[in-house]
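One structure is given here, and the rest of the page talks about it.
The values are calculated or read from the model by the stated rules, or taken from the named source; none is laboratory data. No experiment lies behind these values; they were computed from the predicted model shown. Methodologically, a virtual Cβ is constructed for each residue, glycine included, from the backbone with ideal geometry; neighbour enumeration extends over all protein chains shown.
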Amino acid sequence: MSRDETLPKAPDLDALARECEITFHRASGPGGQHRNKVETAVRVLHLPTGLMARASERRSREQNRREALRRLAEKIAAKSRRRRPRIATAKTEAVRAREREARARASEKKRVRRESGG
């Protein structure tokens, strides 16, 4: 068995990047002068779907770009995943019998109250 058969296929990030608009910006938050001066944060907008992903954890613009594309691929996969439709089920005969017995007990209780005048 080769290595390719054991690992799940990674999404083709280069093909995904061609469908996206990638912008770089300065990240906010803690990190001091480096974080405030350098535009290493990445915002990726997938033009066909309008989904967006961001990454600003790394100091490298390229690492953030790859991370943002990976997150976008996950979002696209989650959006395209179909939920299985619910299968309608009928109540079992035993459940119906218990419900009939409960109604009969309640009915009997009310009948006794009416007859006793209470």
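The set of residues in segment 76-112 that are exposed (fewer than 10 other Cβ atoms within 10 Å of the Cβ), more than 17 Å from the chain's Cα centre (by Cα) and either among the acidic types (D, E) or closer than 30 Å to V42 by Cα (or both) contains only E93.
Of the residues A41, A73, only one is assigned by TED's automatic domain parsing to the domain that holds P30, without any contact (Cβ under 8 Å) to a residue 24 or more places away in the chain and surrounded by 12 or more Cβ atoms within 10 Å (Cβ to Cβ); which? Give the derivation first.
Values: A73 fails: without any contact (Cβ under 8 Å) to a residue 24 or more places away in the chain.
Checking each option against the conditions leaves just A41.
Listed by first and then second residue, the pairs linking a residue in segment 26-38 that is assigned by TED's automatic domain parsing to the domain that holds E62 to a residue that is acidic (D, E), with Cβ atoms under 6 Å apart and 6 or more places separating them unless they lie on different chains, are R26/E39.
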